Structure formats: C-alpha cells, structure tokens
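Q: My questions will all concern the structure given below.
The values are calculated or read from the model by the stated rules, or taken from the named source; none is laboratory data. All figures in this text were calculated on a predicted structure; none of them were measured in a lab. Because the Cβ atoms are built from the backbone with ideal geometry, glycine has one as well, and the counts that use them run over all protein chains shown.
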Amino acid sequence: MATIYSCLRSLTEPCKPRNSSWSPTKTPSIFNLLPASVPGRHPKLTLQFPLKPPPLSSLFIKPHKPLQPNCSGSRVRCLFTGIVEEMGTVKNLGFDQNNSFTMKIGAEIILEDIHLGDSISVNGTCLTVTEFDTVLSEFSVGLSPETLRKTSLSELESGSLVNLERALSPSTRMGGHFVQGHVDGTGKIVEMVPEGDSLWVKVKVGRELLKYIVPKGFIAIDGTSLTVVDVFDEEGCFNFMLVAYTQQKVVIPLKKVGQKLNLEVDILGKYVERLLSSGFVDSFKSS
C-alpha cells in the first residue's frame, strides 16, 4: 500500500500514468524533493525512501478552491483540548495539483457541523478543511511541505487511522489542556509495556523539546492530551501511561516501537523561557 513517501515523486513533475514503463533509478527522499531555500531545512538530512508509481485512482483528488489555513502565523487562531473525538480513516492521499498535497479522511462525528475552512486536529496537527461530503462521510485537508517535514503525517498511508478533534467552541468543556495544533516535533517510541489493562509508553525526544517536558506536566501526543509520568534526562526520554479506556479511543496503541509520534509541548513552558531569557523578570524586580 503506497505511503505518502511513495506518492511524492516530485513537487513540480506530474505523476506518470499507471501503464507507464517508468521505473525509479534513484531513491530521492521527501527532504531532497523540497526547495533548498525553505527556511529551517536541515542540510544534513539524507534519509532515503524508495518510490513506486501509485495508482492514479488513489493518488489524485479533485482540487478545490484553496483556502487560507486557520492556524497559520504567530497568533493563536484556534485551540483544541487534546480530547480526541473520534478516529478517522485515511481514504486517499496524494497530489491534487503540482504543488498541492491533499489527504481525504473518512469520519462521522467531525462532519456533524463541518464548514469549509474549519480547523481540524489530525494526529495533533492543525489542518484546514478544503472539501467535505456528508453523504460519503469524508473530508479533505491540505498538507504543506513544511507540515510533512515537521510531523509524522508523512508516515501515513491509505487505511491508516488518525486522531480527530474539532477546534474549541465557546461552549466546549475544557477536559484536557490548551493545544494549538502546532506540532513542535516528533518523538520515537522506544518501549511499550503492558501493566494490567494499562499500557506504559516510553518516547525518545530531542533535547530541544525535552527541556519543556516535566513530570506530571501536560503534553499533546498525536493530538491526545496526556500527563507525563517521568522524564529520563540521561536517556533523552519521557514516559506516560494509557488506561484501558484511552487505548480504545486513540491511535497511539496501534503504533509499534520505532514509529514516530507528533509532539506539542505545553505552551506555558515556552512563555516562561522567553520571559526569563529576555530579562523581563529582572526588569520587573527593579521597577
């Protein structure tokens, strides 16, 4: 089954027809396919992924009038609670235009009051609804190259389950914590150990994110609001536990050791760090 990597042959070159005799002679990665001028691109990334020509029926999705993402920019335009509403199923993914990548997801609850331009958290990533069909129970979202670089959505394939949550409304109960849907990075599962009907999950993460993770603190993992149990600084890891109920409602237990998880740390830690580094506390004391 073709993954997103196997769909990304080129951001400027249309895919070959199904009956084409084309066969790959090189194995370009998604990172090499993206423009070198994109800010934040890491020059040392050399991961390679084999490509296969995907079926056109599952690759192309009817394009829709482009919409501006609701969660772009530095201002917080949407919030989530991290309480997953349902698990949707990826139905199609691929290019709908030369430089536009689209994912179509099957869902039910999300479609109850959906509108074009709505913000939906997909595995913790804030994405914009570009098309929907309540009869077929499906909606589409656009994926930018930066989103594919920064999140684990690049590992999805047709048939994958994803966590879904609509943006907060004024009457929503605040059952989790403030989640922006702006993924800070990914972590890798290094251990999954059952204890009774609960599940311990241990995740390895870079030092740049680990500093914001504290025991008993909030963290959004694939869009799920969870509580950190312990932080292992020497190992560069943290862990959390999923109770039996949560295991039935989110995609994390379906993943395996070695797979990636989208991580969004608590925004409060970033604000505190910014205030301390700017000298705000010292100036406040002296005033």
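This table checks each residue for (1) touching a Pro at 6+ places or on another chain (Cβ under 8 Å); (2) part of a strand (DSSP E or B); (3) modelled with pLDDT of 90 or more.
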| residue | (1), (2), (3) |
| --- | --- |
| Phe240 | no, yes, yes |
| Thr246 | no, no, yes |
| Lys249 | no, no, yes |
| Pro253 | no, no, yes |
| Val257 | no, no, yes |
| Gly269 | no, no, no |
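Q: How about region 239-257: which of its residues are surrounded by fewer than 17 Cβ atoms within 10 Å (Cβ to Cβ) and touching a Gly at 6+ places or on another chain (Cβ under 9 Å)?
A: Ala244 - this is the single residue of region 239-257 that is surrounded by fewer than 17 Cβ atoms within 10 Å (Cβ to Cβ) and touching a Gly at 6+ places or on another chain (Cβ under 9 Å).
Q: Next up: Take the residues in region 177-208 that are closer than 30 Å to Thr128 by Cβ and among the β-branched types (Val, Ile, Thr); name whichever of them is surrounded by the most Cβ atoms within 10 Å (Cβ to Cβ).
A: Among those that are closer than 30 Å to Thr128 by Cβ and among the β-branched types (Val, Ile, Thr), it is Val179.
Q: I've got another one for you. Run down Val231, Val243, Val250, Val203 and say which single residue is aliphatic (A, V, I, L, M) and within 27 Å of Glu112 (Cα to Cα).
A: On inspection, the qualifying residue turns out to be Val250.
Q: Please go through (1) among the aliphatic types (A, V, I, L, M); (2) surrounded by 22 or more Cβ atoms within 10 Å (Cβ to Cβ); (3) not in a loop (DSSP other than H, G, I, E, B) for Met87 and return the number of the only condition it doesn't satisfy.
A: (2) is the only condition that Met87 fails.
Q: So, one more: The conditions are (1) touching a helix residue (DSSP H, G or I) at 6+ places or on another chain (Cβ under 7 Å); (2) part of a helix (DSSP H, G or I), and Leu164 fails exactly one of them. Which is it?
A: (2)
Q: Taking interchain pairs and intrachain pairs at least six residues apart, which have beta carbon atoms under 8 angstrom, with the first residue in region 179-191 and at positive phi and the second crowded, with 17+ Cβ neighbours inside 10 Å and of a type in the set (S, T, N, Q)?
A: Taking only residues 6 or more apart or on different chains, the pairs are Gly181/Ser119; Gly181/Ser121; Gly181/Thr125.
Q: Return the pairs, sorted by first residue and then second, in which the second residue is surrounded by 11 or more Cβ atoms within 10 Å (Cβ to Cβ) and assigned to a loop (DSSP other than H, G, I, E, B), the first residue lies in region 236-264 and is at positive phi and of a type outside the set (S, T, N, Q), the beta carbons are less than 8 Å apart, and the residues are 6+ apart or on different chains.
A: From residues that are at positive phi and of a type outside the set (S, T, N, Q), the pairs are Gly236/Val205; Gly236/Gly206.
Q: Give just the number: which of (1) loosely packed, with under 13 Cβ neighbours inside 10 Å; (2) at pLDDT 95 or above; (3) not aliphatic (A, V, I, L, M) does Gly236 not satisfy?
A: Every listed condition holds for Gly236 apart from (1).
Q: Would you call Val162 in the same structural domain as Leu111 (by TED's automatic domain parsing), out of contact with any Lys or Arg (no Cβ under 6 Å at 6 or more places or on another chain) and of a type outside the set (Lys, Arg)?
A: yes
Q: Okay, moving on. What's the number of the only condition in (1) of a type outside the set (Lys, Arg); (2) over 15 Å from the mean Cα position of the chain (by Cα); (3) modelled with pLDDT of 95 or more that Thr89 fails to meet?
A: Against the list (1) of a type outside the set (Lys, Arg); (2) over 15 Å from the mean Cα position of the chain (by Cα); (3) modelled with pLDDT of 95 or more, Thr89 comes up short only on (2).
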